[in-house]
Structures are given as structure tokens and as C-alpha cells.
Amino acid sequence: MTSQSDLSFWQSRVESIPNGATLRAKWIASNILRLVEDRSVDESEKLQLVLTAVLDFKRGKTLAASEATLKDLRTLFQLDFDVRRMQMKPWELRAEPYDMPQKLKDNLHDLSRALYDEDSKATCRVAVDMMLIACKLHLIDHCPEDSTSKKRKTASCPSTPQLSDPREVVRVFPELDVHIDVMHPGTKQTIRVTGRADWGFGYGERDGAQHGTFLVAVEAKRRELFSTAETQLLTYMAILREQRKRAGKKNTTIQGFYTDGYRYCFMSIDNEGVVEESPQYYVTSPQGGKTIFNFIVTILESAMKSSPNVSPTKDAREQENEITNYREEVWSKVYLTTPETVPKEEEELWDLPDIQLRK
């Protein structure tokens, strides 16, 4: 029998269900039927098992980036790629105008000579930090401001607030925590997707991730776990893209890369949710190192042009045109694109949970 205290406990849990909460009737009916048919469980226990399953299901669940699958991400964020063939849309640079700085080559060479454990994630992060610092400084030092910006600074009165240089506004945030609540399109269950990107690039402060101010995510893995980095990176990128959508940003393109410090692979999600992925490049190869350096510089530069807060200082009309027509004005000028997307497959929604009876 159910005691009065037990009854109060269940009443309080039932009252906590938000108005408008729904569950599939078929799911409830089928599990109740299984309980009715199970003669090893008394009636009171059966009711408690049903209530437990329903309440736990409605409370929602947490999906960590380390546990997410490509199928999960495609379903929850409506991303466009072929999950069965693990096929993303190919992504490559249109040009590689910059040479990898000699100082960066020397630093990476010194790291190797110092006999750091190459299978350690800490060593990987040192190598990636060297690369990111070099790319960020290159962007600050070698990308000249246009004449409009120079005129604006010259003509400004001392009392007029100066616009921040966008190349300095975009900041690097190591270990960026991100999360977002999404509703599964089939079960209507609320799921909190969470993760910690090893690096995030954005403007404003660290907590700005919730306001759609981050544009780039980076994931590092030690060599033996390199193959798991793709899904984790895509999780962070999907979260950032969804945050930008909810913040009402005109451009929701998100870019990033994953690496073990030696191999680099670059990814993007465009406004339509199409996922693009580059081949793998090796930093130890002269051509590979150059491509990696150019890819990161291009990602940072093109990301800045996707938002008015960090877009290079041009007159308002040019800036608005770049943001509104980002794909044509910015993206297609630096990246090779293919017109077709991967074929869509029939959506397979997650199975709803079964109530597990005690033996």
C-alpha cells in the first residue's frame, strides 16, 4: 500500500509539471499495458513506476558533447549532412596568400626538441596555443584597415568615442563552457546540450556565449582520441549557432577546427545548417603547415565580418551588405564551395525510453 507521505511526495512531483507539458499517448499506453500484464509487481508499485518514468522524462535530460552522436546533432539542431555515410560537404580555401611565420615554425620545432610527451593533451594544447597566437597576431599586424576607417579616426574629435579595432575586439577564451536547451522534434522532450570548448573566439565577455556573441570553436584531443573530436566540435558549433539564431543575428554561420596539435581538420555550419568539413592537414608538412595557418587566419577574418559588432570598420552601407549577403560577399571569396548538399535521408527519431521493471 502507498503511505500518506508517499502520496504527498507524488502529488508534489505531479504539481511541478509545467502547464502544456505533453507526452505521446502511445508511449504512455504501451508502458502501462506492460505493467498491467506483469503480475510480479503489485498495483501500487506499478503506478509509482509509471509516475517515475513520466516525471523523469518530462523533466528533461542533459546531453554532454562527449556523449553526443552525429545523429543526435542532426536531429536536435536540424543540421544537413549524411549521417549514414559520415559525409559532410567538402570545404577548402580558395587561396593561401600567407606564408607560415618562421617564428611559429621555430616554436613548434622547439616544442618537438624539448621532448614533451606527444601523446598528452597538455602538449597538444601548447602547440595549438602557439598556432593561435601566431594567427591572431598576424591578423592584427598584417591586415590593414581600409581608407574609410583611417578617415574616420583622423576626422574624429577627441571627445568622440572611438570605435574599437575589430581585430582586437575578437578575443580568445580558453575553456569556454557552452550549453543550450533544445526540444527533441519527435518526443517533445527538453534536452540541455552542454560542453566545454577548448577555445572559443568571440566579442564581449565570456558569458556572452548565451547572447550569440561567439563565432568560432576549437577542440583539441590527444592523438589516440583524435577521431572523437569531430562530433564534440560539431556539438559546440551547433550550440553557438543556435544561440546566435535565438539572439536574432542576421548571420549564424559558425566555424571551427579540431586538432591533436599535428593534424588539423576544419568545419563550418552555414545559415541553412549545412555542415562543411575540410580534409585533414599535417602541420609538419610544409604545404600542410601553410594551409593550416591560412585556414585559421581566414576563419578569424571571415568570422569578424559576420557580425556588426566586429565587422571591419567600413561605412554602414558596405558593412550591412557584407552581413546581409555574407555568403556572396565574404564566404565565396575566400572558400571553395560546391553547389549541391549531401542527400537528405529519412529522419529516424530517437526511441522513447522503456520503463524498466524490477526483477
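Coordinate-derived values only; no laboratory data. Keep in mind the model is a prediction, meaning the values are calculated, not measured. Every residue, glycine as well, gets a Cβ built from its backbone with ideal geometry; the counts of neighbours run over all protein chains shown.
Before moving on, here are some points about what is shown:
- Length gained when the stretch Ile140-Lys245 is fully extended (0.36 nm per residue, less Cα-Cα span): 35.0 nm
- Cross-link table Lys71/Lys136; Lys250/Lys333; Lys103/Lys136, entries beyond 23 Å C-alpha to C-alpha: Lys71/Lys136
- Asp207-Gln280 pseudo-label distance in nm [points 7 Å out on the Cα-to-Cβ vector]: 4.1
- Förster radius 51 Å - calculated FRET efficiency between Met183 and Ile133, Cβ distance, rounded to 0.05: 0.80
- Legend: calculated FRET efficiency, Phe173 to Gln287, from the Cβ-Cβ distance at R0 = 45 Å, rounded to 0.05, equals 0.90.
- Between Thr62 and Asp99, residue separation times 0.36 nm minus the direct Cα-Cα distance comes to 9.0 nm.
- Length gained when the stretch Ser120-Asp106 is fully extended (0.36 nm per residue, less Cα-Cα span): 3.0 nm
- Positive minus negative residues near Lys245 (Lys, Arg vs Asp, Glu; Cβ under 13 Å): +2
- 3J(HN,Hα) from dihedral phi, the range 268-275, Karplus parametrisation 6.51/-1.76/1.60, rounded to Hz, x for glycine, proline: 8, 10, 8, 4, 8, x, 6, 8
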